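Contents: one structure, followed by commentary.
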Amino acid sequence: MLWKLLLRSQSCRLCSFKKMQSPPKYRPFLACFIYTTDRQSSKENTRTVEKLYKFSVDIRKIRRLKGWVLLEDKTYVEEIANILQELGADETAVASILERCPEAIVCSPTAVNTQRKLWQLVCKNEEELIKLIEQFPESFFTIKDQENQKLNVQFFQELELKNVVISRLLTTASNVFHNPVEKNKQMVRILQESYLDVGGSEANMKVWLLKLLSQNPFILLNSPAAIKETLEFLQEQGFTSFEILQLLSKLKGFLFQLCPRSIQNSISFSKNVFKCTDHDLKQLVLKCPALLYYSVPVLEERMQGLLREGISIAQIRETPMVLELTPQIVQYRIRKLNSLGYRIKDGHLANLNGSKKEFEANFGRIQAKKVRPLFNPVAPLNVEE
């Protein structure tokens with residue numbers, strides 16, 4: 001029995017030795033990289049590469065980002081470059097656009113010219129258009145559903161959305177324009193009906209809708225059912241139509257991006273932290289809709305950040321809007337106020353709150369009070385002669 005164990009042990013050592021002596025299964029990373037690059041270069045369309053070099057394009061960037069473009073049999077380097085130059089792009093701008101969006105060279109010139117005309121519907125001139133293309137080349141060269149895009153542009157113009165806003169949406173929310181125009185029209189109708197159903201007026205509805213679309217166009221990607229579900233849930237939580245209207249006015253379309261479960265979790269968290277009744281919680285939410293909008297982990301992080309700075313729960317409850325600030329912003333503002341001798345934990349949080357512009361204005365006022373002299377040394381003194 002013992003000799004069998006010894007034999008097995010020697011066999012294991014021999015196997016281990018053979019494994020150590022065997023050649024590596026994989027090539028070194030660098031060797032593979034060079035081999036792959038060389039093999040790819042041999043398959044590249046040489047005419048495409050030469051034309052790109054002609055326009056001072058860095059081929060290495062294209063190989064690294066979207067090398068498949070160089071393998072295409074049919075490309076339109078000169079034609080696309082010419083269109084960009086016609087719009088006013090110089091050599092550097094053309095090279096930059098093609099390096100960042102190399103798929104532009106596989107778009108047909110006819111389609112690109114159609115896209116050009118489409119974007120010119122909302123651009124004042126070609127100078128404005130080429131600036132947009134330089135900033136967002138991928139949005140411009142994502143060429144599909146062009147007729148549908150045109151119908152959507154016309155629809156937004158009929159709603160009296162400003163062209164500058166529509167052009168911004170084309171570059172930052174292009175998915176909205178790929179939506180069937182009828183779906184966008186249906187969503188707009190649902191939003192209008194929802195606003196009126198909770199007591200909004202026809203006169204204010206238009207302003208509300210235009211602000212909503214300019215600030216949060218992605219609301220149009222939602223479903224009508226999701227919007228109705230959110231409104232019904234808020235009503236079940238005891239919010240009146242007027243209170244929901246207030247939330248819609250403050251949160252715009254962001255309210256409709258929340259699912260009932262997320263809202264319920266945020267409400268439960270806030271109620272537990274502030275130890276308040278349902279009525280009191282509603283008042284807090286109306287003062288600070290962020291209590292609904294932010295998820296529990298975000299609220300918890302911001303709450304802990306404030307507590308670490310010595311701010312009490314009572315202070316936060318008195319000024320809940322402070323939860324709209326990130327911990328980093330809170331720390332920065334507290335340090336600035338401390339530099340003036342203002343102890344935020346002993347005072348009101350109003351000076352900590354607000355937008356950057358509002359905070360700087362408050363800070364300036366506090367600073368002015370600190371350095372203001374008690375009397376004017378240049379003013380004449382009333383001395384009896």
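The values are calculated or read from the model by the stated rules, or taken from the named source; none is laboratory data. Computed from a prediction, not measured in an experiment: that's the story for all the values here. Because the Cβ atoms are built from the backbone with ideal geometry, glycine has one as well, and the counts that use them run over all protein chains shown. Side chains included, ligands, DNA and RNA excluded: accessible areas come from the protein's heavy atoms. Shrake-Rupley method; radii C 1.70, N 1.55, O 1.52, S 1.80 Å.
What aspartates and glutamates could a cross-link reach from LYS131, if we take a straight Cα to Cα line under 15 Å and drop same-chain neighbours fewer than 8 places away?
Here the aspartates and glutamates satisfying the reach criterion relative to LYS131 are GLU86, ASP90, GLU91.
Apply 1/(1 + (r/R0)^6) to the Cβ-Cβ distance of GLU127 and THR172, taking R0 = 22 Å, and write down the FRET efficiency to the nearest 0.05.
Efficiency, rounded to the nearest 0.05: 0.65.
Pick out, in residue order, every one of the GluC sites (Glu not before Pro) in the range 123-186 that is DSSP loop and has at most 12 other C-beta atoms within 10 Å; say none if there are none.
Counting only loop positions with at most 12 other Cβ atoms within 10 Å, the GluC sites (Glu not before Pro) in the range 123-186 are GLU160.
Placing one identical point scatterer on every Cα of the range 85-233 and ignoring solvent, what is log10 I(q)/I(0) from the Debye formula at q = 0.13, 0.14, 0.22 Å⁻¹?
Summing over Cα pairs of the range 85-233 leads to -0.64, -0.71, -1.41.
Could you work out the relative contact order of the range 44-143? I mean the mean sequence separation of Cα pairs under 8 Å and 6+ apart, divided by the number of residues, in percent.
Taking the mean separation of contacting Cα pairs over the length of the range 44-143, I get 29 percent.
Structure shown: which of LYS150/LYS228; LYS211/LYS250; LYS51/LYS144; LYS162/LYS185; LYS275/LYS336; LYS250/LYS282 lie over 20 Å apart, alpha-carbon to alpha-carbon?
Where the Cα-Cα span goes over 20 Å, the pairs concerned are LYS150/LYS228; LYS51/LYS144; LYS275/LYS336.
Rounded to a whole number, what is D in µm²/s for the range 286-331 from Stokes-Einstein with the Kirkwood radius over alpha-carbon pairs (20 °C, 1.002 mPa s)?
For the chosen part, D equals 203 µm²/s.
Counting each pair of different Cα atoms once, what's the Kirkwood radius of the range 44-143 in Å, rounded to one decimal?
13.4 Å
For the range 184-239, treating each Cα as an identical point scatterer without solvent, what Debye log10 I(q)/I(0) comes out at q = 0.12, 0.15, 0.22 1/Å?
-0.28, -0.43, -0.91
For the range 174-292, what is one quarter of the convex hull surface built on the Cα atoms, given in nm²?
7.2 nm²
Once you list every other residue whose beta carbon is under 14 Å from the beta carbon of LYS185, what net charge do they have if Lys and Arg are +1 and Asp and Glu are -1?
Details: positive: LYS183, ARG189; negative: GLU158, GLU182, GLU193.
Computed value for this residue: -1.
Please list ARG189, ARG64 from largest to smallest accessible area, probe radius 1.4 Å, with all protein chains kept in place.
From most accessible down to least: ARG64, ARG189.
Which length gain, in nm to one decimal place, applies between VAL298 and VAL273 when the Cα-Cα distance is subtracted from 0.36 nm times their residue separation?
Stretched fully, the VAL298-VAL273 segment lengthens by 7.6 nm.
Can you spot the aspartates and glutamates whose alpha carbon is less than 12 Å from LYS345's alpha carbon? Ignore those fewer than 8 places along the same chain.
Qualifying aspartates and glutamates at Cα under 12 Å: GLU309.
Give me the one-decimal nm value for the distance between modelled label points at GLU182 and LYS150, 7 Å along each residue's Cα-to-Cβ direction.
About 2.0 nm separates the two model spin labels.
What trypsin sites (Lys or Arg not before Pro) does the range 260-317 have in DSSP loop regions with at most 10 other beta carbons within 10 Å?
The qualifying sites are LYS275.
Could you work out how far the C-alpha centroid of the range 211-265 sits from that of the range 103-128, in angstrom?
First find each Cα centre; the distance between them is then 36 Å.
Which value, in Å², gives the accessible area per residue of the range 44-143 when a 1.4 Å probe is used on the protein heavy atoms?
Result: 50 Å² per residue.
Could you work out how far the C-alpha centroid of the range 270-308 sits from that of the range 177-197, in angstrom?
31 Å
Find the Cα radius of gyration of the range 129-207, compare it with 2.2 N^0.38 Å by division, and give the number to two decimals.
1.25
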